[in-house]
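The values are calculated or read from the model by the stated rules, or taken from the named source; none is laboratory data. If you're wondering where the values come from, they're calculated on a predicted model, not measured in any experiment. Every residue, glycine as well, gets a Cβ built from its backbone with ideal geometry; the counts of neighbours run over all protein chains shown.
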Amino acid sequence: MYDPIHGINGEQRNIYIRDGFITTKPATSVRIDRNYDLNDMIIMAGAIDIHTHIGGGKVNIARMMLPEDHRGDPVARTAITRSGSGYTAPSTFATGYRYAEMGYTTCIEPAMLPANARHAHMEMADIPIIDKGAYALLGNDDFFLRMLASGKDRSLICDYVSWIINATKAIGIKVVNPGGISAFKFNQRKLDLDETNSHYGVTPRQILITLARAVRELGIPHPLHVHGCNLGVPGNLLTTLDTIRAAEGLPMHLAHIQFHSYGTEGDRKFSSGSAHIAEAVNANSNISIDVGQILFGQTVTASGDTMLQYAGHRHAHPNKWVIMDIECDAGCGVVPFKYRDKSFVNALQWTIGLELFLLVNDPWRIFLTTDHPNGAPFTSYPHLIRLLMDRSFRNDMLSTIHKQAAAVSILGSLDREYSLYEIAIMTRAAPARSLGLQNRGHLGAGAAADITVYKNLKNREAMFAKPVYVFKDGELVARNGKIIKVINGSTHILKPEYDKGIEKTLKNYFDKYHTMKLDHFKINDDEIVAHGNGNIIVQSCM
Amino acid sequence: MNSAKHPDKIHKEVPCPFCCLLCDDLVIQNRAGILKVRENGCSRAIAHYEQVQPEIQPTIKGKVVTLKDAILHISNILKSSQHPLFSGLGTDVGGLRSTLQLADKTGAIVDHMHSTGLTRNMLVLQDLGWMMTTLTEIKNHADLIVFAGTDAVSGYPRFFERFIWNKNALFNKNTGGRKVFYIGENLDTRPGISPDGQQPVTVQCKHEDIGEFIAILHATLAGDKVNLENLSGKRLKELKLLAYHLTNARYGVLVWAPGEMDFPHAELTIQALCEMVKFINRSTRFGCLSLGGNDGGVSAVNVSTWQSGYPLRVNFNNGYPEYDPSRFSTDNVLKNNEADALVWISSFDTNTRPPKADIPVILLATPATEPDFTPDVFIPVCTPGVDHAGYLFRTDSVVSLPLKQVRVSGYPSVKHILDCVSGLI
């Protein structure tokens, strides 16, 4: 058993499940209904994906625009499962089945636009088995930027942030290219950390610190989830280092940091910034990251970052792309992309992600993601885990990529191999703790019985691809990588406090400027349940 | 079985489900089950809300039966069907989810009554993509609006009132000064006159010729060599005027309505519009808006996409979804005898008609619907957003609104019927 929250590192233990929860050893008089012999197997809590684009407008645009992706990957219906399709942007049912088949039991959609929140929840209602949650996007919406620009009181900003979490049924706050999505609407094409949005006169730095403060003051467990400035731009490692400093010691999560760790050294003016970034992450305990590893092959990038998705449309493969300005709230950009192992830049991106995994010391502050589907579809996680756990396999792969990229990378010199315990931290314990999911990510009494059991195979990719057993809320849902029972997961939300007085201001604002009424913007608890989501779990604020 | 007795009530902030703008500020009075639009109703809303509901019963081949028997008969038809077709799809998100579940189960083809227009858009999205915007962005930001092949108001009466001549705007402080252009023919351009009387500019041109005009305009903007000698003096003037305003807009918007571009390969015209907007974005900001997808059309595209991976015209017959936007259109499926049963769903607009087909036809439609043939089964259904709560997507495909119940109906919902049928199969 590997249960890092309880410090259990490969010990043999019994687990008792009752009514969907893990419980202490019952009295001998209690009849055990079913016994699973898990000798020689590896037991972990169900895995948690802290950043995966699984539901909402931009994901659906990605699905709509890529019939060729779906034709290559049809999912047939069975007696218990629905049909579907899609490799890089799978349909909702396929998403739930595939995650559960891999032993994942909770997934967080990282970019829920408030204007599109109802849609995101409706889609996620059709993602079976796994638990879901979402970060609401702020920091490019007119209401917030207007407040910031006019120097509104901190408590008012907190009220607004809290109101948004309540209204959109979110579990955290994310900011994407702070102020940059908005700036793009005013025809700005780039926005550095200290550059001002031409309309509001505020900088990304101000937006970041204001939101990070609000998140902390509201007691939201997950730190402000940041998709920083200058994603994908060579040299952006300096922006990322500045962003870490800009946090001023406040908790901050830097998402898909691989895309923000690029230098400009070498003939091609593109180099790895992993060493600098890892050093900064190691030195700043307020910072957590997820990697956004890229893996080679066709995928589709779906992001709120219209400014940089527009800039990146030249690389679209196949050549089609969507940019959308949305509701004075945010935006989205969808650009299909093919990562090639024989491309210098793509190969280096691959090494940069892996270098970051291996150079950041603390597995409690680094999470395993591909930023699905931006770096690769989530189904490539087992392969990624093998790259982290098996140095010789990693070096074999390294020898197949673009020669110069391999030559300039320090990856071959990194000996570190992740242990099962570290994998359990990175994919279970740490995400649960970071999100504030009280009874997920561990195997102690009181935890939801989300349990994944693996065969202890030397080939870690095979091992993590098809767990022997996956239990969700105590139900055996998958066996040997195949769904055997379909249930509905829950939606995790927060309900931070706020002064209801803000709704008066907001109502006036909505009536004047929006195209829907405030009451219709807000999502009720009942709506989530009515969609068939199972139920809502309200997590506690700190 | 129709209107139950209930007290008078005024419902405020009612979202209107009868077009894809989903205006949500209507005031509806319910007096003993008779509805009256008190405020903010357009002609379309008034016609639908205030329509008197006949009291009719479910029928099998024209003979009155119980709801239970009608549902049983539907399940028997579907059980013996090898290739059912679910079309019309005029329902809300809940009804669509039930439709797709049953379609998946019975190996059906799924299409929508307005998908001819919606598919034109999808072909553009799937070929080269586009740059879009949404209603709140237009209301607050736009300084130039070009309507191509549509006047907006004929299909969406409150478009100008709500999004163009709005008094309050966050960014554009002179909404009355918005420049309005039309390209097309037979358009009602009167709403394009600004509050202080500024006339819109109309480029008169057949809808089939919009693509050509836009191609020349795009080339002109790009500085390509264009042989303009064949253009009349008037057309040349219009071209130059439009080119000037497109380039100098701070936030321009181009509006089309795919359902109103009714000629072969209209998708190429839409693509020409989208490619020009992409080009303009190299130097300034510009976004597109597509108007269309009434009767739950935008919702159908979205739900079908997230559940199957494909935006309608999907066939579940092989056990997994297959997409063919031409072969699986309702017209082609019926013409080519690819279906042996048709389920036609239309719970919003009474004026829609199921297509005539030489196969068993199951009609789930509003009670006032008058099909021009006797369907095998007809169950009158209630309307989402009038008789029950629900959800619909707006024309911009971003915003979805909660629908309210403003009347008590004895008629079942599409969702209820299909879930019952599903339970029997």
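Only one of the listed residues (A:LEU435, A:LEU443, A:LEU420) is in contact with an Asp or Glu (Cβ under 7 Å, 6 or more places away or on another chain) and surrounded by 16 or more Cβ atoms within 10 Å (Cβ to Cβ). That residue is A:LEU443. Remark: A:ILE244 falls outside the filter, which requires a residue to be under 22 Å from A:GLY331 (Cβ atoms), in a helix (DSSP H, G or I) and at pLDDT 95 or above.
State yes or no: is B:ASN186 more than 22 Å from B:GLY287 (Cβ to Cβ), of a type in the set (S, T, N, Q) and either in a loop (DSSP other than H, G, I, E, B) or in the same structural domain as B:PHE263 (by TED's automatic domain parsing) (or both)? Against the criterion (more than 22 Å from B:GLY287 (Cβ to Cβ), of a type in the set (S, T, N, Q) and either in a loop (DSSP other than H, G, I, E, B) or in the same structural domain as B:PHE263 (by TED's automatic domain parsing) (or both)), B:ASN186 qualifies. When the residues of region B:315-346 are narrowed to those that are among the hydroxyl-bearing types (Ser, Thr, Tyr) and within 9 Å of chain A (Cβ to nearest Cβ), which ends up farthest from B:SER397 (Cα to Cα)? Among those residues, the one meeting the criterion is B:TYR320. Would you confirm, using the coordinates I've provided, whether B:VAL124 is within 18 Å of B:GLY297 (Cβ to Cβ) and within 19 Å of the chain's Cα centre (by Cα)? When the stated conditions are applied, B:VAL124 passes them. Given the conditions (1) part of a loop (DSSP other than H, G, I, E, B); (2) within 7 Å of chain B (Cβ to nearest Cβ), and given that A:ALA115 satisfies all but one, which numbered condition is not satisfied? The number of the failed condition is (1).
Would it be correct to say that A:ALA429 is buried (at least 24 other Cβ atoms within 10 Å of the Cβ), over 18 Å from A:TYR381 (Cβ atoms) and modelled with pLDDT of 95 or more? Considered against the rule, which asks whether it is buried (at least 24 other Cβ atoms within 10 Å of the Cβ), over 18 Å from A:TYR381 (Cβ atoms) and modelled with pLDDT of 95 or more, A:ALA429 comes out as no. Of the residues B:THR352, B:THR366, B:THR383, the single one that is closer than 29 Å to A:ILE528 by Cβ, away from chain A (no Cβ under 14 Å), out of contact with any Pro (no Cβ under 6 Å at 6 or more places or on another chain) and of a type in the set (Ser, Thr, Tyr) is B:THR383. Could you check region B:377-410 and list, in sequence order, the residues that are farther than 26 Å from B:ALA32 by Cα and touching an Asp or Glu at 6+ places or on another chain (Cβ under 8 Å)? Selection gives B:LEU392, B:VAL398, B:VAL399, B:LEU401.
Restricting region A:51-73 to residues that are touching a Gly at 6+ places or on another chain (Cβ under 8 Å) and within 12 Å of chain B (Cβ to nearest Cβ) leaves a set whose member that is surrounded by the most Cβ atoms within 10 Å (Cβ to Cβ) is A:ARG63. The residue pairs whose first member lies in region B:275-298 and is closer than 14 Å to A:PHE184 by Cβ, whose second member is among the hydroxyl-bearing types (Ser, Thr, Tyr), and whose beta carbons are closer than 6 Å, counting only pairs six or more residues apart or on different chains, are B:ARG285/B:TYR251; B:GLY287/B:THR133.
Answer yes if at least one residue in region B:6-29 is under 21 Å from B:VAL408 (Cα atoms) and in the same structural domain as B:VAL406 (by TED's automatic domain parsing), and no otherwise. No, the conditions are met nowhere in region B:6-29.
Of everything in region A:447-493 that is touching a residue at least 60 places away in the same chain (Cβ under 8 Å) and basic (Lys, Arg), the residue that is surrounded by the most Cβ atoms within 10 Å (Cβ to Cβ) is A:LYS472. Among the numbered conditions (1) over 30 Å from A:PRO318 (Cβ atoms); (2) of a type in the set (Lys, Arg); (3) crowded, with 24+ Cβ neighbours inside 10 Å, the only one that B:ARG120 does not meet is (1). If you filter region B:385-404 down to residues that are assigned to a strand (DSSP E or B) and touching a helix residue (DSSP H, G or I) at 6+ places or on another chain (Cβ under 7 Å), you find that the one that is surrounded by the fewest Cβ atoms within 10 Å (Cβ to Cβ) is B:PRO402. Filtering region B:76-113 to residues that are within 10 Å of B:ASN315 (Cα to Cα) and either at pLDDT below 95 or within 14 Å of another protein chain (Cβ to nearest Cβ) (or both) leaves B:ALA103, B:ASP104, B:GLY107, B:ALA108, B:ILE109, B:VAL110.
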